1. To the nearest 20 debye, what charge dipole does the chain have about its Cα centre, counting +1 at the Cβ of each Lys and Arg and -1 at the Cβ of each Asp and Glu?
2. In the Gaussian network model of the chain, springs joining C-alpha atoms below 10 Å, which of Val229, Val68, Val80 carries the largest mean-square fluctuation?
3. Given a Förster radius of 22 Å and the C-beta distance between Val69 and Ser311 as r, what FRET efficiency does 1/(1 + (r/R0)^6) yield to the nearest 0.05?
4. Does anyone have the angle between helix 287-300 and the longest principal axis of the chain? Alpha-carbon axes, 0 to 90°, nearest 10?
5. Compute the helix-to-body angle for 170-181: its Cα long axis versus the longest principal axis of the chain, expressed 0 to 90° and rounded to tens.
6. Longest span of the chain, sites excluded, free of chymotrypsin sites (Phe, Trp or Tyr not before Pro) in DSSP loop with at most 16 other C-beta atoms within 10 Å?
7. Which residue, Ser255, Ser271, Ser99, tops the fluctuation ranking in a GNM of the chain built on C-alpha contacts under 10 Å?
8. Please report how far the C-alpha centroid of the range 233-267 lies from that of the range 1-71, rounded to the nearest whole angstrom.
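Derivation of every value follows stated rules applied to the coordinates shown; laboratory data play no part. All values reported here derive from a predicted model rather than from experimental measurement. Please note: Cβ atoms are built from the backbone with ideal geometry, for glycine as well, and neighbour counts cover all protein chains shown.
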Amino acid sequence: MKAWQLTSFGRENLKLNDISQPTPGPGEALVRIASVSLNYRDKLLSDGTYNPHLQFPITQVADAVGEVVALGPNTTRFQVGDRVVTSYCTRWIDGAPTSKESLYTLGNVIPGALAEYLVLTENALALAPSYLTNDEAAALPCAGLTAWYALVEKGGLTAGQTVLIQGTGGVSLFGLQIASALGANVIVTSSSDDKLARAKALGAHHTINYKTHPEWEDEALALTNKEGVDHILEVVGGPNLARSIKAIKPEGQISIIGIIEGFDATIPLFSVIKQQALIRGISVGPLRALERMLKKFDELELRPVIDSVYSFADAPKAYERLEQGAFGKIVIRVHE
Ligand SMILES: NC(=O)c1ccc[n+]([C@@H]2O[C@H](COP(=O)([O-])OP(=O)(O)OC[C@H]3O[C@@H](n4cnc5c(N)ncnc54)[C@H](OP(=O)(O)O)[C@@H]3O)[C@@H](O)[C@H]2O)c1
């Protein structure tokens with residue numbers, strides 16, 4: 001079968017290789033991949049920042065939808081013909097993770113889904129909602145669950161609260177859609193006025209251009225009568241976290257998600273103490289949370305925002321688009 005594999009660090013080392021089709025063992029399913037979607041971590045994986053110890057060659061990409069075409073012995077959850085999506089943390093089923101459960105991710109420690117077929121434990125698969133196309137379903141797993149787990153499962157978001165969403169990438173637009181659907185007031189930041197106009201059309205109440213207003217926290221305070229916001233999805237990281245702390249309401253929550261501006265941060269501790277802010281790391285989420293999210297998305301008929309769709313042959317172009325900062329999700333169609 002064909003698989004896009006990283007053979008060394010550097011996007012130029014993403015190669016289309018012929019490799020043998022895997023066979024499902026006990027507890028595993030063979031999935032014929034229909035579509036996959038990219039996440040910022042796929043860029044970090046290819047440039048060596050995410051996991052400097054990556055073992056080459058390694059098939060790339062974590063998020064996928066496809067059809068179960070064969071089952072190994074002792075499988076109980078699916079039937080041949082079921083349409084399934086992948087769960088990002090393949091060994092994390094529910095509850096608090098053990099120290100290792102968030103490590104076994106596709107395209108990193110185990111082979112990824114940018115291939116014609118994927119073998120995976122059935123405990124890392126969930127039924128894809130029938131109202132979504134393959135391209136839409138492929139967009140859900142990592143970015144959707146991260147926003148859902150942060151805002152809803154850990155954050156306990158309630159209607160009327162204010163949520164600040166940074167940027168208009170995959171996690172951020174899911175955050176906007178989820179928060180808006182649950183009745184929150186949403187503030188979105190972006191580098192682009194055009195993207196902010198599109199965010200408003202998706203339900204954002206207020207927008208801030210962080211290029212023209214680098215001190216975006218002052219704008220956020222002004223928009224909330226100086227009270228601050230209840231929940232921030234910190235997808236930027238680095239020095240941006242100190243700004244988020246200034247923008248948070250007393251007892252507000254900051255979900256630490258991304259590291260676009262840096263893996264390290266110096267934060268104003270006195271502000272954290274004064275605001276009694278809750279700062280919580282988020283590592284996507286477990287299978288059961290994915291299933292709960294899919295059920296809610298089905299009820300809401302929430303459709304992911306797709307920035308662009310590329311053919312399997314054009315996978316490197318999809319990675320180029322990722323570098324540019326997409327509005328929503330980038331999809332690669334593996335089988336038409
Ligand atoms: N912890 C977890 O579980 C988890 C899960 C998923 C992702 N992540 C992390 O979350 C981050 C986002 O991932 P993604 O896949 O959603 O990325 P993405 O789709 O590539 O989106 C990146 C977006 O970030 C925005 N951005 C860049 N610099 C910014 C800044 N200074 N202020 C505000 N926004 C800024 C840009 O939005 P504009 O173009 O609108 O300016 C850009 O489009 C990455 O660091 C990723 O590694 C973590």
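1. In total the dipole reaches around 280 debye.
2. For the chain, modelled as a Gaussian network with Cα springs under 10 Å, the answer is Val80.
3. 0.55
4. Compared with the principal axis, the helix lies near 70 degrees.
5. Approximately 60 degrees, to the nearest ten.
6. Values: sites that count: Phe9, Tyr104, Tyr131, Phe263.
Result for the longest clean stretch: 132-262.
7. Judging by the Gaussian network model, the answer is Ser99.
8. One Cα centre to the other: 31 Å.
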